[in-house]
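The values are calculated or read from the model by the stated rules, or taken from the named source; none is laboratory data. Remember, predicted model here, so these are calculated numbers, not experimental data. A quick note on method: Cβ atoms are made from the backbone with ideal geometry, for glycine too, and the neighbour counts reach across all protein chains shown.
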Ligand code: NDP
């Protein structure tokens, strides 16, 4: 049978390119889990995705209720779940004030990490129940949360500190809107959320890989400087960032190429190793990359897991 893959945030950028790449193989039913149904439908059509290769389902990661509804609707569809890709994200580098999800979490960590955490925890049962030869849970990471890289050392750097802000609910009422308890900074909140994504992947691996056989993986697909992720940035940045990445850092990767990379992590029979953070070299060959000290700290991973399960109402 065909594999069934759910991709969050498949209405643009990397998620859309991955949905397209997988759909084109004829071996996958792609569920595009998106907050804006119409935008997703238009994007799929504009990308030339063939009807029948995809299905759009509503998911707004800025609401835990919506996450639960998505899980319910997906189950009602009767489709088994073989691979889940947590891809959606927001990046709000120019925001002066924090904004909040429906549940009152600072928006970037609320969507990028907490929404995905609940989704992945709920859908773990479905992945376990699948009879597909290789089941996978993939969480898109980023170089920017990794302070062992050049890009990860551009200030403000990711730092979860002692997680006092996260523990207090990230709502700016009882504590700070930042995980480490500091002043709100949109760019840092994004990087912190990506560290949480990478820690979460490893914690899933430690807790569930042996028992379930599910492959848990993360990746940095390269700098896809043209996606909507940078839509909130100042115009000059948006103009100069793609050529800067192309000619100066040479880390630039097209949306198509990045989509092929993520599609590889979804379906390539040789990429079944669990607990791995994949990257690609100049010749586009995948390799297991090293995470920064913070992004691979097992104690931090456990604490993020435990605090997050309280915040999303799992315990
Ligand atoms: P895009 O902005 O193009 O795509 C982000 C997607 O997330 C969009 O489909 C967006 O939906 C969706 N999304 C945002 N908020 C929500 C929400 N509340 N509920 C559901 N979906 C939501 O950015 P990219 O394609 O660049 O980003 C994809 C992933 O790649 C992210 O995880 C990002 O961190 C990662 N990444 C990107 C890099 C880059 O250079 N671009 C580098 C490294 C990692 P909508 O279309 O409705 O806005």
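Tell me the strands (runs of 3 or more DSSP E) entirely within region 194-306 that contain at least 1 residues that are more than 25 Å from residue 122 (Cα to Cα) and modelled with pLDDT of 90 or more. Give the derivation first.
Details: elements: 215-219, 276-280, 286-288.
Because the criterion is at least 1 residues that are more than 25 Å from residue 122 (Cα to Cα) and modelled with pLDDT of 90 or more, the strands (runs of 3 or more DSSP E) in region 194-306 that meet it are 276-280, 286-288.
When you scan region 136-158, how many residues do you find that are surrounded by 24 or more Cβ atoms within 10 Å (Cβ to Cβ) and at pLDDT 95 or above?
Initial filter on region 136-158 (surrounded by 24 or more Cβ atoms within 10 Å (Cβ to Cβ)): 137-142, 145-146, 158.
Imposing the further condition that a residue be at pLDDT 95 or above reduces the set to 137-140.
Within region 136-158, residues that are surrounded by 24 or more Cβ atoms within 10 Å (Cβ to Cβ) and at pLDDT 95 or above number 4.
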What number goes with the only condition from (1) in contact with a strand residue (DSSP E or B) (Cβ under 7 Å, 6 or more places away or on another chain); (2) in contact (Cβ under 8 Å) with a residue 40 or more places away in the chain that residue 286 does not pass? (2)
Breaking point among (1) touching a helix residue (DSSP H, G or I) at 6+ places or on another chain (Cβ under 6 Å); (2) surrounded by 24 or more Cβ atoms within 10 Å (Cβ to Cβ); (3) part of a loop (DSSP other than H, G, I, E, B), for residue 181: (2)
Can you find even one residue in region 54-72 that is loosely packed, with under 14 Cβ neighbours inside 10 Å, on the phi < 0 side of the Ramachandran plot and over 20 Å from the mean Cα position of the chain (by Cα)? yes
Among the residues of region 189-240, how many are over 20 Å from residue 82 (Cβ atoms), away from the ligand (no atom under 16 Å from the Cβ) and buried (at least 17 other Cβ atoms within 10 Å of the Cβ)? 2
